[in-house]
Amino acid sequence: MIREEAPDTGRSGPTDPGGFFEGLDPSGWAWRPWLVPAAVLGALLILSPLMGVRFLGDDFIWVYEASRQTLAGLFQRGYFEFVRPTNEAYWYLMWWISGTDPRGYHVMTLGVFALTALLLFRWIRELTGSPWAGFAALCLFLMDPLHIEALSWPSACSEVLAGAFVLAAMYAWRRWRLEGGRRWMLATLGALILAFGSKESSIAVLPGLLLVELTLVPPSEPLKRRLGALATVLAPSALMLGALALAVSPEARYSTTISGQTLASWLEYLNRALLNGEVRGALAFLLPQSANLAVAVSLVAALLLTWRRAPAVFLNLAWVPFTVLAYAVFVPHLPISDRYFYIASLAVAGAGGSLLASLRGTQGVVWSVLLATAISMGVLQSAQAARSWAEKAGMPQPEAESLRQALADHEPGAPVFVYCPPQVELHPLYACALLGGLDLEQIHPWPEMLRHRELPEGSAALFWDQYSTRFENLTDAARLALASMVEDDRAPRPEAANLQRDVVELAAWPEARGWTPQGLEPGADGTWKTPGVGGRLLGPVARISPLAISLVHVQLEVLQASPGALSGLLWRTESLPSGPPRMEVSSSLPPGPGIVDLWLVPGTRREWWNQGEVLQLELLLSTAPAEVRVRTIRVLGYPRIRALPESKKPEGFPGSQPG
């Protein structure tokens, strides 16, 4: 059996990798165990404003389904396209403890986050023999501002669960390979099962196990024993992943091909995983065309330098690309979100802490200063982001307050009709059922309220405002106005409108082909250079009701942009046929290479209903000098608002063809 390294003594010495601190104090620094709980408690205090964040978006769907969960349901698809037993069980536990109070959900998620940080400390301390290295990794992980989204949004708890069980699997695997024992083998398999049941991105654990085998197990290990150990975990992992893959709905739109977009997305993920925003912005300014490639080359150079000299650093650095690979390969079309880097932050923090144990003298002093700077910046950014989330999405729950008033005259058992504007997700209906104490079968989407001139006795007709997220009573006058839109073919008919997910692509303009440039200069490879606010693209003239459009999606690739630059999507309607168009949605532009998505959901505000038909869309590329490429412009909605000769060539967008 392979013997593990000698236990750490807590003080730097000639055989202790923590001897880096001799560069700061020749007498050595004594380890203070209380620093670990102090750091964890301090991080939780900084993140405490997140306790006041209310339920948002998909949270209502998860909570409603958890309230009706069964044992068999853990292994079945619900509203979402995936089967995630661990995640479903965790939601049921949160529901059982906290019900409809989001604070209990935040407490549990922050608890899992804190336990993961403690395990990371132990993992790095045992890899390097230095508690200071483990402490540095702990602090880097705790104060990574990329965690704010995963910790503040209960729907993202799958990332937190996956990170915990992935790290637990790697820790148990290392202990089993170095110490043996059935309990560590069973712990590895159990952690793998729980990780795969949390989220599909947990597949990153398999390259991590192989890296542990490659870097930490001595070469003298017999090949037969190596293969046997790997088969013990890889065979059941393949079976579990295969079963989960077969259970995924086709609606998830997983990609099965490797393309240039896959590589570009992977490099972008890698850049964001390894560099914080300020460093990434500076690099993009210096290398506007090749910042991502420069990061990848630097990572390869670091791996070559640490392969033999610092196995712990090599292990964590080599694991980073695999932690984000699943997103780039299977869902390259998804907009990049901070929560996707949760597992990657474990590897990055582990690499940073491990390097601390490998350096001596001046190099160690410089690295310790850089680490202290990164942690300090993380503290400030995390505190600011936590306060921002609490301010913009804090309690009380506006849906709950407004729903109590809107349902004041509703009789138990009677139906509730909700104007939920045509869009992809249906969380307002779930919010109405959950917070109103109703069954989802009682909730009817808006076309059904137009079937009757008079609603059933005791029922309620509600309107949900996307921006205030409040429910209001829909007056008879407004309901009859919607009915007249249907009768005049200006909105989807009740029998044709499927509000689940069966919207179609009404029009698509790859690279904005067919749009007219205004105030733009053509650049290389299909890019546009904009001098400022005048740079825009004008869409073809169209006539279509906002209520018929489910979603307008614009994806931009920003090569470079001046500070403070914004892009925007505008439209011109019958109520304003001339003059400046109305800005409906905007987004800031990153200074260097990056992807920006603009999403417009028409009809989600009451004031839009009287604007008439949409005459023209306009895309403002940048309010400041920039170079931008339009990847695609897509309009999704209901094709049969009028009698049309071709199903994919609606009258509202003449001459447009998907793809």
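The values are calculated or read from the model by the stated rules, or taken from the named source; none is laboratory data. Being a predicted model, the structure only gives us computed values, none of them experimental. Cβ placement follows ideal geometry from the backbone for every residue including glycine, while neighbour counts extend to all protein chains displayed. The protein model used for the area step is the full one, side chains on, heavy atoms only, and it has no ligands, DNA or RNA in it. Shrake-Rupley method; radii C 1.70, N 1.55, O 1.52, S 1.80 Å.
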Segment 131-187: GluC sites (Glu not before Pro) in DSSP loop, at most 14 other beta carbons within 10 Å: none
Just the accessible area for Asp59, please: 1.4 Å probe, Å², rounded to the nearest 10? 0
Quick one: if the Förster radius is 30 Å, what FRET efficiency do Arg68 and Ala238 give, using the C-beta to C-beta distance and rounding to 0.05? 0.35
For segment 37-94: relative contact order, % (alpha-carbon pairs under 8 angstrom, 6 or more apart): 29
Segment Glu278-Leu440, length gained on full extension (0.36 nm per residue, minus Cα span): 53.7 nm
Sites Thr262 and Met377, calculated FRET efficiency, Cβ-Cβ separation with R0 41 Å, nearest 0.05: 0.85
On full extension of the chain, what length is gained from Thr632 through Leu293, given 0.36 nm per residue of separation minus the C-alpha to C-alpha distance? 119.7 nm
So how do 291-302, 347-358, 319-330 stack up, highest first, on mean other-Cβ count within 10 Å? 347-358, 319-330, 291-302
For Thr373, what charge total do you get from the other residues with a beta carbon under 15 Å from its beta carbon, if Lys and Arg give +1 and Asp and Glu give -1? -2
Can you figure out the FRET efficiency of Glu574 with Glu81, using R₀ = 45 Å and their beta-carbon distance, to the nearest 0.05? 0.75
Return the carbon/sulfur percentage of the accessible area of segment 42-136, one whole number, probe 1.4 Å, all protein chains in place. 65
Taking the highest mean first, how do the peptides 261-274, 393-406 order by number of other beta carbon atoms within 10 angstrom per residue? 261-274, 393-406
